[in-house]
1. Which numbered condition in (1) touching a residue at least 24 places away in the same chain (Cβ under 8 Å); (2) surrounded by fewer than 16 Cβ atoms within 10 Å (Cβ to Cβ); (3) β-branched (Val, Ile, Thr); (4) over 18 Å from Phe337 (Cα atoms) is the only one that Thr77 fails?
2. For the range 176-221, give me each residue that is of a type in the set (Gly, Ala, Ser), modelled with pLDDT under 95 and under 25 Å from Val71 (Cα atoms).
3. How many of the residues in the range 332-354 are assigned to a loop (DSSP other than H, G, I, E, B) and either free of Cβ contacts under 8 Å to residues at least 12 places away in the same chain or over 21 Å from the mean Cα position of the chain (by Cα) (or both)?
4. Could you say which residue among Ala434, Ala447 is assigned to a helix (DSSP H, G or I), closer than 30 Å to Val306 by Cβ and within 13 Å of the ligand (Cβ to nearest atom)?
5. Please state which of the following conditions Val322 fails to meet, knowing it meets all the rest: (1) over 30 Å from Ile414 (Cα atoms); (2) within 15 Å of the ligand (Cβ to nearest atom); (3) buried (at least 17 other Cβ atoms within 10 Å of the Cβ).
6. With the condition being crowded, with 20+ Cβ neighbours inside 10 Å, I'd like the helices (runs of 4 or more DSSP H) fully within the range 95-177 carrying at least 3 qualifying residues.
7. Of all residues in the range 231-251, how many are assigned to a strand (DSSP E or B) and closer than 16 Å to Gly287 by Cα?
8. If you check Ser225, Ser320, Ser249, Ser261, which single one turns out to be of a type in the set (Ser, Thr, Tyr), assigned by TED's automatic domain parsing to the domain that holds Leu381 and more than 25 Å from Ala434 (Cβ to Cβ)?
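The values are calculated or read from the model by the stated rules, or taken from the named source; none is laboratory data. Keep in mind that this is a model prediction, so the values were computed, not measured. Every residue, glycine as well, gets a Cβ built from its backbone with ideal geometry; the counts of neighbours run over all protein chains shown.
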Amino acid sequence: MPPRVAVVGGGLSGLTAAYQLSLDLPGARITVLEASDSLGGALHTVDFPSGPMELGAEAFIGRRPEASELVAELGLTDTLRHPGPLGPAILTDGRLVPMPVGTLMGLPSDVAGLSGVLSPGESAVAARETDTPLEWEPGGDVSLGRLVADRFGDAVVSRLVDPMLGGVYAAPSSGLGLRQVIPGLAEALDRGAPTLTAAIGELVGNRVPGPVFATLDGGYRGLVSALAEASGATVRSHATCTAIHREPSGYTLTVTGARGSWVENADLVVVAVPVPHAAPLLAAAGGVDGAVSGLSGIRTASSAVVAMEVDRGLDLPELSGVLVATDEPVPFKAMTFTSRKWPHLDTRPGHLVRVSFGRLDDDDVLTADDIALARMAESALAGVCGSAPTILYSRVRRWEDALAEIGPGHADRIAGVRAELADRLPGVEVVGGATEGVGVPACIGSARAAARRLAAGWQD
Ligand SMILES: Cc1cc2nc3c(=O)[nH]c(=O)nc-3n(C[C@H](O)[C@H](O)[C@H](O)COP(=O)(O)OP(=O)(O)OC[C@H]3O[C@@H](n4cnc5c(N)ncnc54)[C@H](O)[C@@H]3O)c2cc1C
């Protein structure tokens, strides 16, 4: 008998889980419960008068297989697009300095290339890394930021690593675990790389040539609708799940919508909401206190994106965007020159630009209303370009608690959560957000793996 499946959350993770379950459990009756009025979550394409524009994620790492494989399965490979050759600059000391080449997420493989961003004294500190023996416990995990600061000095963290990672994690790298954020680097150290420079150099040297990032022509909405359709799921929007209860046979989910509350029955449940929000849902089921505290202990940051189309009279720098050093006194954390970065978008009447705000423990700026945020974005752009832009169109979107801090030992924490759920709530899986890591490929991988576990458990 095919199972009834409830998927809580209609973002990328929930939709991918629904799709995978439809493949592995043909005939399953799958319902996706989505609190908002639309599917996709942080994949959110909107229509500017000149065409589609992303207000959430804009790309994915194409070198990881998860997203590219899913795109191919859904018949969307023809819509894949890659960035042009322009790189970003770092805003530091009021200057735009081109991002040094040969870095790995901002970690340098050759300190000699950092003279634009470091003072001679800071460069001398960083250069000592290769002469300082590295103590590393194979299999261990450490704070990424602290490791880099210890080895290269604080300036490399605040001017290179934090600006690079800030767009994805919103947390400073001091709170991020090396093994989850750059697993290849932890593995190179496990294999006995004598210094951090040697380990970074190994990864940079082994890079496959070709573009790192990819996106979809027409925007992420194409992936969202293809996934929803391929899953065959019944989608209920404006449907907020407030509790999951274990019953003698299966589960009931309490759901609240515009027209009141109702109960959904399910044999299998996928919880695909940002991890701290998953905790209260599981708490209602009872008996999983460790999982609940493990999930609610993951800190999150909120962010906001102001997307603009500006008149081409503005002298936009020949860059893909601007990353901001953490000690720079500006309110924004990154700026993407979207139409410079993606050649397929450089056909619009105006320049497309995105300005991002909000960092972990420093999101005061997000208390500003949308008009104030739009003005801040406009003046940030004017500051970078040296003259005021003429705004043709703009949209503001806030992302509450959307970016998780993946701290040292995160994988062990999630393994503990999974073990307790398997024991006490069989048939319930938590995916996405921060379970197997932040970002589009990680969410796809997490959701597919969880769906396969559920299907295998059901068929046993
Ligand atoms: C501004 C921004 C830019 C980003 N840029 C990139 C990028 O360029 N590349 C990249 O790889 N990653 C990027 N990311 C990260 C990536 O977008 C996310 O990791 C991924 O989309 C998360 O998907 P998800 O389905 O796990 O969660 P979400 O997208 O958060 O989806 C969760 C869904 O659950 C719904 N929901 C919440 N609570 C309930 C409830 N109780 N009941 C029912 N529904 C509920 C929400 O409404 C939402 O639709 C970015 C994220 C943000 C916020």
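1. The single condition Thr77 does not satisfy is (1).
2. Gly184, Gly210
3. Total satisfying the criteria: 5.
4. So the residue among Ala434, Ala447 that is assigned to a helix (DSSP H, G or I), closer than 30 Å to Val306 by Cβ and within 13 Å of the ligand (Cβ to nearest atom) is Ala447.
5. Condition (2) is where Val322 drops out.
6. Values: elements: 120-127, 144-152, 162-169.
Ranges flagged: 144-152, 162-169.
7. Here the count works out to 5.
8. None of the others qualify; the one that does is Ser320.
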